[in-house]
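Data first, discussion second: the structure below is written as structure tokens.
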Amino acid sequence: AGIDLEICEGESEGLGATGASVYNWSPATGLSNPNVSNPQASPAGTTTYTVTYDIGGCNASATITINVNALTLSVNSDTICSGSSTTLTATPSVAGGSYLWSPGGQITQSITVSPLTNTIYTCVYTLNGVATSPTVGTVTVNQTPTASLNSPTICSGQSANLNATVAPPGGTYLW
């Protein structure tokens, strides 16, 4: 009967056969050494390994399947006001790798940015030589609103209408 193991892309797992004097694992692709009892397996995708072994002159075999889950990355997006900053964080499916952001070239998991206009930031995450596709976080920048008021001249006891002109239009008013 075969055994199934679950790993994420970029990780490795020991295959762990015991009790024999000679081992032969196949396929050898992705194995640290196909002729030892417990080779480290780092397959690029889901792979079924078969070990043939010799115990007291008798040959036997067993199988083990390594199910490989894709390495993924997510990056948050945010909306800020002009002149403000925000933090973007890359969250990988498996920790322990390295980060590369663009623009900027930062190599940390989180970056703090203060763009002047809407900006797309891209992060690539690499773990054990396996890189994710570039993952995008967008910072939307709302321009700081401006307001101007009319300045009517009135005599005592009279009233006047005050008009506010705002840019960009919309929003709420508090007098």
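Points worth noting:
- Converting phi to 3J(HN,Hα) with the Karplus coefficients 6.51, -1.76 and 1.60 and the offset θ = phi - 60°, the stretch 3-16 yields 10, 10, 10, 10, 9, 9, 3, x, 9, 10, 8, x, 7, x Hz in sequence order, with x at every glycine or proline.
- Interchain or long-range residues, amide H under 5 Å from Tyr125's placed H: Thr132
- Each of Ala131 and Ala60 was given a label point 7 Å from its Cα along the Cα-to-Cβ line. The distance between the two points is 4.6 nm.
- Placing R0 at 45 angstrom, the Cβ-Cβ distance between Val36 and Thr87 gives a FRET efficiency of 0.45 after rounding to 0.05.
- Summarised in one figure, the compactness ratio Rg/Rh of the stretch 71-175, Cα atoms and Kirkwood Rh, is 1.33.
- In the full protein context, the chain carries 60 Å² of accessible surface per residue, based on a 1.4 Å probe and ignoring ligands, DNA and RNA.
- Distant-in-sequence amide H partners of Leu31 (H built 1.01 Å from N, under 5 Å): Ser42
- Long-range HN-HN contacts of Ser77 with modeled amide H, under 5 Å: Thr138
- Atom-type composition of the exposed protein surface of the stretch 1-85 places 47 percent of the accessible area on carbon and sulfur (1.4 angstrom probe).
- Evaluated on the chain, the Kirkwood hydrodynamic radius is 21.4 Å, with distances taken between all distinct Cα atoms.
- Spin-label pair Gln158-Ser74: with each label point 7 Å from Cα along the Cα-Cβ axis, the two points sit 6.2 nm from one another.
- Atom-type composition of the exposed protein surface of the stretch 107-175 places 56 percent of the accessible area on carbon and sulfur (1.4 angstrom probe).
The values are calculated or read from the model by the stated rules, or taken from the named source; none is laboratory data. Predicted, not measured: the structure shown is a model, and the values here were computed from it. With ideal geometry, Cβ positions are generated from the backbone for all residues, glycine too; neighbour counts draw on all protein chains shown. Side chains are part of the model used for accessible areas, which takes the heavy atoms of the whole protein and leaves out ligands, DNA and RNA. Shrake-Rupley method; radii C 1.70, N 1.55, O 1.52, S 1.80 Å.
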